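One structure below.
Just so it is clear, none of the values below were taken in a lab; they were calculated from the coordinates. None of the values given here were measured: they were computed from a predicted structure. Here the Cβ is made from the backbone with ideal geometry for all residues, glycine too, and neighbour counts use every protein chain on show.
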């Protein structure tokens, strides 16, 4: 997968490195600000209240 | 590099080794498959690591911003004299008096000097996810600060501002200071101060600290652990998850009101280094 992506990045080496870092940053941002906030309340790790349920 | 070059040759239909082509193709497929599995596992590992970073760090950034908002809103309501506790903010308000507060709004500040000089949080009304992201949340229906009964507050242990991260470090006699618009209420953690034993029961049989099942709602009753009993004491209870990074159990700390003083300008009580 990573090899495939690397081969399909356009431009000279320096530009490719930059593009690869940018891709990683975009994926991280989507995970941190969209996926994890959605996922987190569904995980049984952060319940701090006592309740009858 | 040479291996990939050969794959590309094969894709072009021009093989450098025509007689070994079939075997190589099968080998390449196996190699590509193994590499794919390996990369997927590494990727999953990185995503999990990122989730940990999110939980213990990124959620704090969001929560701090929200905590700041409720703090400022509460301070504003004090200056305008329209804070949520207006009219009921007095010592030993009878237990029968149920006070309804606006959901999600700050109505008191919490200071625990034993957890650091700068330990300060604004307590909001409500204990759902959105409330607790703003700060420690007051269980609706439980007593308000200074009221006879049990002022119960829940807070996150790890991430989301983590107000109760070090709740396990509190010992008997440690001050838990609650500031409302008009008063300072100083609660002391229950238990035996001489030996540091948190299990020793105080008034009405209430101990300093308990580890309970998540369903043990009796710990926030007016008399903790004794449903239906008439409260005679002014108590405070804090709940959080236990152990850290888990929601398996709940850690519960009970404190008893030691004293209350009327607010006076910018002065703070002795417990916080002031003169009141």
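If the segment from residue B:248 to residue B:64 were pulled out straight at 0.36 nm per residue, it would be longer than the present Cα-Cα gap by 63.7 nm.
Taking 0.36 nm per residue of sequence separation and removing the Cα-Cα distance, the residue B:129/residue B:91 pair yields an extension gain of 10.7 nm. Per-residue extension of 0.36 nm, minus the Cα-Cα distance of residue B:103 and residue B:73, leaves a gain of 9.5 nm for this segment. For the pair residue B:52 and residue B:30, a Förster radius of 35 Å applied to the C-beta separation gives a FRET efficiency near 0.55, rounded to the nearest 0.05. Modelled this way, with points 7 Å down the Cα-to-C-beta line, the labels at residue A:21 and residue A:3 are 2.6 nm from one another.
Normalising the Debye intensity of the range B:194-276 to I(0), with uniform scatterers on Cα atoms only, and taking log10 at q = 0.18, 0.24, 0.25 Å⁻¹ returns -0.86, -1.10, -1.14. Note on residue B:166/residue B:39: beta-carbon distance plugged into 1/(1 + (r/R0)^6) with R0 of 35 Å gives a FRET efficiency of 0.30. Show log10 I(q)/I(0) for the protein assembly as shown at q = 0.08, 0.09 Å⁻¹, two decimals, from a solvent-free Debye sum over equal Cα scatterers. Each listed q corresponds, in turn, to -0.50, -0.57.
Once the Cβ-Cβ distance between residue B:230 and residue A:29 is put in as r, and R0 is 41 Å, what FRET efficiency do you end up with, to the nearest 0.05?
On the way: r = 55 Å, r/R0 = 1.34.
The computed FRET efficiency comes out at 0.15.
Taking 7 Å steps out from each Cα toward its Cβ at residue B:276 and residue B:258 produces label points 1.5 nm apart.
Go ahead and set up a Gaussian network model of chain B, Cα springs under 10 Å, then flag whichever of B:94, B:136, B:222 fluctuates most. Of the options given, B:94 has the highest mean-square fluctuation. Averaged over peptide B:146-155, the number of partner chain Cβ atoms lying within 10 Å of each residue's Cβ comes to 1. Computed over chain A, the range of Cα coordinates on each principal axis works out to 61, 17, 12 Å, biggest value leading. Here the simple spin-label model places points 7 Å from the Cα toward Cβ, and for residue B:80 and residue B:120 these points are separated by 2.2 nm.
For chain B, the extents of the C-alpha atoms along the principal axes are 94, 42, 33 Å, listed from largest to smallest.
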